[in-house]
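J.: Can you read through this structure? Questions will come right after.
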Amino acid sequence: MNIAAIAANQVLDQIPVLVPEDLLLLNQIAFRLGARVVEEDLGGSEASIIIVPGNKAIITISTKVLSTERKRFSIAHELGHFQIHRNRIGFNLCSSSNIETFMGKPVDIEQEANQFASNFLLPERFVARIFSKSEPSMDLIGEVASSYEVSLTATALRFTEFTEEPIAVVLSRGGRIVFFKGAKAFTESDVFVNVGEAVGGNTMAGKLRNDQISGEGWRKVLASDWLRKGEYRRDARIQEWSVYMPRYDNILTLLWINEEIYDDEGFWGQ
Ligand SMILES: [Zn+2]
């Protein structure tokens, strides 16, 4: 377990958070930890924390942050700084690109604060079983996201930490694949998502973006539409479930390798 996960669990025990609904009282939890949450104009930044004498803190969330999910993630991110970095920082200003992106180096303090937020808002003690035992779907992730008031993207990324299925979560922006996170079984399948490439026109993501289809659910696509060239069969297929968020031109995709993609003869035929 990393530092962020340990710190999040300590706080969950300390408060204590006994049922998921307790987590909805985030400002009160912050207050119990010694942090007051206020909303102010922060210019171009999204959130900030000031550590004040006596191990107290003031967390400021930008008034420009409108969604409840985003606000909660920002508060939890700042609580992460407070719990993990309080001796290293007196004041820290966090931009939108620092919060909820998961794209930086894991040792970066911003990434540590994001990991804290993810571990705190979607605690292992509550979500591990649901995520590891249920049939993977965007609906499942959506249900957890709405009951915990966490964004669909952050919940999907957390899902990859528990599912036993070979699933990857892929983020695309402006029609380009920008990031992916694979579950353990996906990473072990020896495949890599085409990060940096344009979203393929034959994928569900591409069709949703071009208004060619609507709807949801798993769809079969060619593995090569999403994955880098590899040893897998040329006609290998994987399952895709994408959701298009037109406001930011973002696409959130689940990829699921739920059938054999390598030649059966690969090993025995040699
Ligand atoms: Zn930060």
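The values are calculated or read from the model by the stated rules, or taken from the named source; none is laboratory data. Computed from a prediction, not measured in an experiment: that's the story for all the values here. A quick note on method: Cβ atoms are made from the backbone with ideal geometry, for glycine too, and the neighbour counts reach across all protein chains shown. Each accessible area value is taken on the protein alone, full model and side chains, heavy atoms only, with ligands, DNA and RNA left out. Shrake-Rupley method; radii C 1.70, N 1.55, O 1.52, S 1.80 Å.
J.: For the range 104-139, how many residues meet the condition of being more than 24 Å from I75 (Cα to Cα) and among the β-branched types (V, I, T)?
T.: Kept after step one, since they are more than 24 Å from I75 (Cα to Cα), are these residues of the range 104-139: 129-139.
Checking the rest, the ones that are also among the β-branched types (V, I, T) come to 130.
Residues in the range 104-139 being more than 24 Å from I75 (Cα to Cα) and among the β-branched types (V, I, T): 1 in total.
J.: Within the range 131-144, track down each residue that is under 12 Å from T155 (Cα atoms) and open to solvent by 40 Å² or more (accessible area, probe 1.4 Å).
T.: Passing the criteria: D139, E143.
J.: Can you find, within the range 45-69, the residue that is farthest from F31 (Cα to Cα) among those that are outside any strand (DSSP E or B) and within 14 Å of the ligand (Cβ to nearest atom)? Don't jump to the end; show me each part of the working.
T.: Step one: of the range 45-69, the residues outside any strand (DSSP E or B) are 45-46, 53-55, 63-69.
Next, only the ones that are within 14 Å of the ligand (Cβ to nearest atom) stay: 45-46, 65.
Working: S45: 22, E46: 20, V65: 20 Å.
Ranking the qualifying residues of the range 45-69, first place goes to S45.
J.: Taking E100 as meeting all but one of (1) in contact with a strand residue (DSSP E or B) (Cβ under 8 Å, 6 or more places away or on another chain); (2) on the phi > 0 side of the Ramachandran plot, write down the number of the exception.
T.: Among (1) in contact with a strand residue (DSSP E or B) (Cβ under 8 Å, 6 or more places away or on another chain); (2) on the phi > 0 side of the Ramachandran plot, the lone unmet condition for E100 is (1).
J.: Within the range 81-100, track down each residue that is closer than 12 Å to A117 by Cα and either assigned to a loop (DSSP other than H, G, I, E, B) or away from the ligand (no atom under 12 Å from the Cβ) (or both). Spell out how you get there, then give the answer.
T.: Just the residues of the range 81-100 that are closer than 12 Å to A117 by Cα, to begin with: 81-84, 99-100.
Q83, I99, E100, listed by residue number.
J.: If you go through the range 236-248 one residue at a time, do you hit one that is free of Cβ contacts under 8 Å to residues at least 60 places away in the same chain, in contact with a strand residue (DSSP E or B) (Cβ under 6 Å, 6 or more places away or on another chain), more than 28 Å from N114 (Cα to Cα) and among the basic types (K, R)?
T.: Yes, the range 236-248 has at least one match.
J.: May I pose another question? Taking the range 70-80 only, how many residues are in contact (Cβ under 8 Å) with a residue 60 or more places away in the chain and more than 12 Å from the ligand (Cβ to nearest atom)?
T.: 2
J.: Looking only at the range 24-40, filter to residues that are part of a helix (DSSP H, G or I) and open to solvent by 40 Å² or more (accessible area, probe 1.4 Å); which one of those is farthest from I84 (Cα to Cα)? Break it down stepwise before answering.
T.: Looking only at the range 24-40, we keep the residues that are part of a helix (DSSP H, G or I), and these are 24, 26-33.
Those still in the list that are open to solvent by 40 Å² or more (accessible area, probe 1.4 Å) too: 24, 27-28, 31-32.
Values: L24: 22, N27: 18, Q28: 19, F31: 17, R32: 16 Å.
Checked the range 24-40; the qualifying residue farthest from I84 (Cα to Cα) is L24.
J.: Now for a separate question. Just checking, does the range 189-198 include any residue being open to solvent by less than 60 Å² (accessible area, probe 1.4 Å), part of a helix (DSSP H, G or I) and at pLDDT below 95?
T.: Here is the first cut: in the range 189-198, the residues open to solvent by less than 60 Å² (accessible area, probe 1.4 Å) are 189, 191, 193-196, 198.
Filter once more, so that each one left must be part of a helix (DSSP H, G or I): none.
Checked against the condition, which is being open to solvent by less than 60 Å² (accessible area, probe 1.4 Å), part of a helix (DSSP H, G or I) and at pLDDT below 95, the range 189-198 yields no hits at all.
J.: How many of the residues making up the range 218-238 are in a loop (DSSP other than H, G, I, E, B), open to solvent by less than 60 Å² (accessible area, probe 1.4 Å) and within 12 Å of W256 (Cβ to Cβ)? Quick ask: steps written out before the conclusion?
T.: Of the range 218-238, the ones in a loop (DSSP other than H, G, I, E, B) are 218, 226, 228-236.
When the remaining residues are screened for being open to solvent by less than 60 Å² (accessible area, probe 1.4 Å), the result is 226, 230, 232, 236.
Add one more test, that the residue is within 12 Å of W256 (Cβ to Cβ), and what stays is 226.
Count: 1.
J.: How many residues are within 16 Å of the ligand (Cβ to nearest atom) and open to solvent by 20 Å² or more (accessible area, probe 1.4 Å) when one looks only at the range 113-130? Please lay out each step first, then the result.
T.: Start the filter on the range 113-130 by keeping residues that are within 16 Å of the ligand (Cβ to nearest atom), which leaves 113-121.
Of the ones still in play, those that are also open to solvent by 20 Å² or more (accessible area, probe 1.4 Å) are 115, 119.
Looking only at that region, the number is 2.
J.: Could you check the range 8-23 and list, in sequence order, the residues that are farther than 12 Å from S118 by Cβ and either at pLDDT below 95 or buried (at least 18 other Cβ atoms within 10 Å of the Cβ) (or both)?
T.: Looking only at the range 8-23, we keep the residues that are farther than 12 Å from S118 by Cβ, and these are 9-23.
Those that are farther than 12 Å from S118 by Cβ and either at pLDDT below 95 or buried (at least 18 other Cβ atoms within 10 Å of the Cβ) (or both): V11, L12, V17, L23.
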